[in-house]
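Chemist: Pasting a structure here, questions to come.
The values are calculated or read from the model by the stated rules, or taken from the named source; none is laboratory data. Being a predicted model, the structure only gives us computed values, none of them experimental. Cβ sites come from the backbone with ideal geometry, for glycine too, and all protein chains shown count toward neighbours.
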Amino acid sequence: MNNTERTGPDIRVALTAAARELSPEPIEAGPEQKPSSSSFAKAVLGGWASGGGGPSIKARLRSAVGRLYRAAKPVLRPAAFRLRAYLVAPLLTEIQGAGQERHRAIFGGLHSLRLLIEHNKQSQRDELASVGLQVIQETQFALELLTQTQNQRQQRLETFLADFERTHKAVVTRLEGIEEAFTARLERTDAEFTARLERIEQYAYASARRVAVPGAPGEVLVRSSVGYLLCPASDYPLLATLVDAGELDAEVGTRLLIQKLLRPGETFVDIGANIGMHTLAAAAAMQARGRVIAFEPHPMTHDLLRKSLVLNGFAGMTDTHQVAASNRSGRLPLHLGATCGHHSLYPFEDADQTATTIDVPLARIDDMIDASTSVDLIKIDVEGAELDVIEGAAATIGRNADVGIIVEFGHSHVRRTGRSTGAWLGVLQKFGLEFRAIEPTSGSLLEWTPEQLEAVDSVNLLFARPASQVWVRARGDA
């Protein structure tokens, strides 16, 4: 079998095929022969042999043909290749063109199909996006509607709860106010009755022992609820009150509060000491162990005060100064009132009461009390000059954080100084002080407004800083 790759016409094959077609019988190879490329020559010469030609001619022809084939092969084979290439080239070109056309058609179809698929995909995406957008919009609308409904319900609920809370608070506040008012009124009533019963008991006891003894010219010795007091013989209102009640009616609550606030070893400053009712009460509360500093500008009243302290055994713990406490030093006329407790540095509204005056020295509390002295309680009763005293004691008040200050407030006194109630209170409040009104009988503390202060002739007020121990002691907790 010829395994040579055929790239053109093969002459040997052509001759063999022609001989096979012309032979009447098939040519069979002998047992020792093999098919060869000279089959065509054998077929031709075989015919001749039947006529008597002989095998030598066959051999010679076979040899000649073989040589001719071998000689022509180098020339014929390239020519056959070129001929085949020439003949096949148009066909290949046509086939390639047809293939390219087919490829282009296929690619065009594929491109159209791809475009169609892309178009369908885009259409589906657009449709899905439209449907999704519609679903989202419907969902958002439903959510907004639900949120709006919930907000409205929440607002209605909050409004209801707020109204209920306000109503509840108002009811609770009103009930608490009623309870507090009832409790306070009950406590005041109880305190008043207790104080009155105590006073009745004291007055009954004092009445049995009360005496008024004439002393040196112009002096009368009276036994009071706080001890022996020397009084001016000409001060009949004072003598009548002391002989009848044993103390000044309007000052009972203040005296009880002073005794509640002070402890042994502390310091009490009495500004406007008068005959010494509160001075003696403070000294007795401290059990003669402590210090009392008293200021009284009137010469005679100051002398009586000093003698009363000696009589009661408190002279050793008391310093007395015959000066009028003010916001400056110097001298001023002291306007004398109808009783020794009403003298004032300010003129009275009644012209008849301002006819008599005496000159008295002035001094500042800050100049009279050493900075190292710890002051626990100050009482100020100077008939209208209270703010002048406060201004002159600013450093002392500032140094003593726990100090308590008892000050008389009289609306008529405030008017005489040209100040308003608010301005008067503001001078003390700038020190960080709060105030309570002192109940005149029991000494209990009351929360009053400026309007309530203006509605009474006079009332004593207790001032102290919010964290001061004064409030604890005033409540009786210490």
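Chemist: Any residue that is surrounded by 19 or more Cβ atoms within 10 Å (Cβ to Cβ), closer than 24 Å to Ala464 by Cβ and touching a residue at least 24 places away in the same chain (Cβ under 8 Å) - is there at least one of those in region 320-327?
Modeler: yes
Chemist: Please verify whether Ile380 is of a type in the set (Val, Ile, Thr), out of contact with any Asp or Glu (no Cβ under 7 Å at 6 or more places or on another chain), crowded, with 22+ Cβ neighbours inside 10 Å and at pLDDT 95 or above, treating the condition exactly as stated.
Modeler: Spelling it out, it is not the case that Ile380 is of a type in the set (Val, Ile, Thr), out of contact with any Asp or Glu (no Cβ under 7 Å at 6 or more places or on another chain), crowded, with 22+ Cβ neighbours inside 10 Å and at pLDDT 95 or above.
Chemist: Failed condition for Ala464, given (1) farther than 25 Å from His278 by Cα; (2) modelled with pLDDT of 95 or more; (3) among the small types (Gly, Ala, Ser), with all others met?
Modeler: (1)
Chemist: Turning to a different aspect of this structure: Suppose the filter is polar (S, T, N, Q) and either surrounded by fewer than 10 Cβ atoms within 10 Å (Cβ to Cβ) or at pLDDT below 85 (or both); does Gln124 pass it?
Modeler: Working: polar (S, T, N, Q): yes; either surrounded by fewer than 10 Cβ atoms within 10 Å (Cβ to Cβ) or at pLDDT below 85 (or both): yes.
So Gln124 passes the test.
Chemist: What are the residues in region 330-343 that are within 19 Å of Glu391 (Cβ to Cβ) and either loosely packed, with under 13 Cβ neighbours inside 10 Å or modelled with pLDDT under 90 (or both), if any?
Modeler: Across region 330-343, the qualifying residues are Gly330, Arg331.
Chemist: Only one of Ala233, Ala283, Ala294 is surrounded by fewer than 16 Cβ atoms within 10 Å (Cβ to Cβ), touching a residue at least 12 places away in the same chain (Cβ under 8 Å), over 23 Å from Leu445 (Cβ atoms) and in contact with a strand residue (DSSP E or B) (Cβ under 6 Å, 6 or more places away or on another chain). Can you tell me which?
Modeler: Ala233
Chemist: So Ala29 fits all but one of (1) at pLDDT below 50; (2) surrounded by 14 or more Cβ atoms within 10 Å (Cβ to Cβ); (3) aliphatic (A, V, I, L, M); what number is the exception?
Modeler: Unmet for Ala29, out of (1) at pLDDT below 50; (2) surrounded by 14 or more Cβ atoms within 10 Å (Cβ to Cβ); (3) aliphatic (A, V, I, L, M): (2).
Chemist: Looking at (1) under 21 Å from Ile390 (Cβ atoms); (2) in contact with an Asp or Glu (Cβ under 6 Å, 6 or more places away or on another chain), can you tell me which one Leu305 breaks?
Modeler: (1)
Chemist: Could I ask something else about it? Working only within region 436-460, note down all residues that are crowded, with 20+ Cβ neighbours inside 10 Å and of a type in the set (A, V, I, L, M, F, W, C).
Modeler: Of everything in region 436-460, those that are crowded, with 20+ Cβ neighbours inside 10 Å and of a type in the set (A, V, I, L, M, F, W, C) turn out to be Ala437, Ile438, Leu453, Val459.
Chemist: I've got another one for you. Going by what's in this entry, would Arg436 be described as touching a Leu at 6+ places or on another chain (Cβ under 8 Å), at pLDDT below 95 and among the charged types (D, E, K, R)?
Modeler: Values: touching a Leu at 6+ places or on another chain (Cβ under 8 Å): yes; at pLDDT below 95: no; among the charged types (D, E, K, R): yes.
Criteria not met by Arg436.
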